[in-house]
1. Within the stretch 133-150, how many residues are under 24 Å from VAL162 (Cα atoms) and of a type in the set (D, E, K, R)?
2. Kindly indicate which of VAL50, VAL20, VAL14, VAL10 is of a type in the set (A, V, I, L, M), under 23 Å from the mean Cα position of the chain (by Cα) and either under 19 Å from VAL68 (Cβ atoms) or outside the structural domain of LEU65 (by TED's automatic domain parsing) (or both).
3. Using the structure shown, decide if ASP164 is touching a Pro at 6+ places or on another chain (Cβ under 8 Å), closer than 19 Å to LYS129 by Cα and away from the ligand (no atom under 16 Å from the Cβ).
4. Looking at the stretch 236-271, which of its residues are touching a Cys at 6+ places or on another chain (Cβ under 7 Å) and either within 16 Å of the ligand (Cβ to nearest atom) or farther than 30 Å from GLU203 by Cα (or both)?
5. Run SER221 past the list (1) within 16 Å of the ligand (Cβ to nearest atom); (2) in contact with a strand residue (DSSP E or B) (Cβ under 7 Å, 6 or more places away or on another chain); (3) among the polar types (S, T, N, Q) and report the number of the one that doesn't hold.
6. For the stretch 272-289, enumerate the residues that are more than 13 Å from the ligand (Cβ to nearest atom) and assigned to a loop (DSSP other than H, G, I, E, B).
7. Against the condition modelled with pLDDT of 95 or more, more than 16 Å from the ligand (Cβ to nearest atom) and assigned by TED's automatic domain parsing to the domain that holds GLY334, how does ARG200 come out, does it pass?
Amino acid sequence: MRIKSVQSHVAGEVRNFFFVVVETDEGITGIGEGGITWRESAMAGFVEAVTPSLLGQDPMRTEHLWQVMYRCGFFPPGRIGTAAISAIDIALWDIKAKKLGVPLYELLGGLVRDRVVCYPHIVGDSAGKLAEAAQAKVADGWRFVRFNLPERGELLDRRTAVRDGVEHVTAVREAVGDEIELIIDAHTRLDPVDAITLCRELEPLRPYFVEDPIRCENPGSLARLDGKIGVPIAMGEQYASKWEFREAIENEWIDYARIDLCNVGGFTEAMKVAHWCETHSIYVAPHNPLGPVSTAACLHLDLAISNFGVQEVARVPGQVLPDLFPKQVPFADGHLTPPTGPGLGITFNAAALAKYPPVEGDCPRLERPDGSFTNW
Ligand SMILES: [Mg+2]
């Protein structure tokens, strides 16, 4: 079996989704997804650059082809490059499992669990609305809820955000009781000095974890939180390789690794990071704000690793791009369950691409009160 073509596709539905289809000369095709939203043309450019190195190659050689894609340009590819590599790598694993006639999780170690607990996103511009949104999710069967450290309109004042955040978490905890797990995503909006205040004030409210309390560029800054806070910390959705996870894992600065299969380098890299986390008793909680391929890929990983924590599901399978992916992975009552059929267990209908033209957009912009830029 040889790789015959590698094609990028962008589909729009509220936001854009970036997919890569790899075709083989045996008629088996694989699909993958890349995770740097609003930078689809950059990912497509990287895919185009590495395609000549893939054509005619054996798609079963996933480790070898990952090394070629990552290293063939001499300069490390960076996160746009690893997002593109992720999409291709996921497609190659899809092909490999289809060729062998097994669900993909069988190649990662087989089932270690029967179902995967998930968390949804909730939004609300006041503590009361957020609490109502949380109660609605609990009524639908979810056991977790996740929400952001709040901004006010397009303003994010760091001190105000900490106070508002504590108020919001307090209201949600009162609304859903002690059995429901709460995840607070600071979304890299704080620096260590305010992150410490937030985390300490949240301790009595027992969050499952506080996510991305600080920016990712200097993992060593996590050392400033170490020993000063009593809540679990999750980071990693912006880490673009095992090397970017290295400091946080080896120093045990994080409790949950937010591996993004569509950014870190696909299954080939995610499995290495997940197993490395196991040696440090760090749970894996895969990042998944993306589309049906990402959700399926996360599910296969979650089913096959023992140190799984919880799975983000921002878009319930079947409710996003339904005509483009007529078959998506099984989901009910806040849980994903093992897909059936070989490969990822989803189907891609390229003929429906015309129904989902790319949309214009970019990430929201937040400002500090003095007009300076701050992270969304
Ligand atoms: Mg996040």
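1. Residues flagged as under 24 Å from VAL162 (Cα atoms) and of a type in the set (D, E, K, R) within the stretch 133-150 amount to 1.
2. Values: VAL50 fails: under 23 Å from the mean Cα position of the chain (by Cα); VAL14 fails: either under 19 Å from VAL68 (Cβ atoms) or outside the structural domain of LEU65 (by TED's automatic domain parsing) (or both); VAL10 fails: either under 19 Å from VAL68 (Cβ atoms) or outside the structural domain of LEU65 (by TED's automatic domain parsing) (or both).
On inspection, the qualifying residue turns out to be VAL20.
3. Considered against the rule, which asks whether it is touching a Pro at 6+ places or on another chain (Cβ under 8 Å), closer than 19 Å to LYS129 by Cα and away from the ligand (no atom under 16 Å from the Cβ), ASP164 comes out as yes.
4. GLN238, TYR239, ALA257, LEU261
5. Only one criterion in (1) within 16 Å of the ligand (Cβ to nearest atom); (2) in contact with a strand residue (DSSP E or B) (Cβ under 7 Å, 6 or more places away or on another chain); (3) among the polar types (S, T, N, Q) is unmet by SER221, namely (1).
6. At the first step, the residues of the stretch 272-289 found to be more than 13 Å from the ligand (Cβ to nearest atom) are 272-284.
The answer is THR279, HIS280, SER281, ILE282.
7. Yes; evaluated as a whole, the condition is true for this residue.
The values are calculated or read from the model by the stated rules, or taken from the named source; none is laboratory data. Since the model is a prediction, treat every value here as computed from it, not as a measurement. Note that each Cβ is placed from the backbone with ideal geometry, even for glycine, and that neighbours are counted across all protein chains shown.
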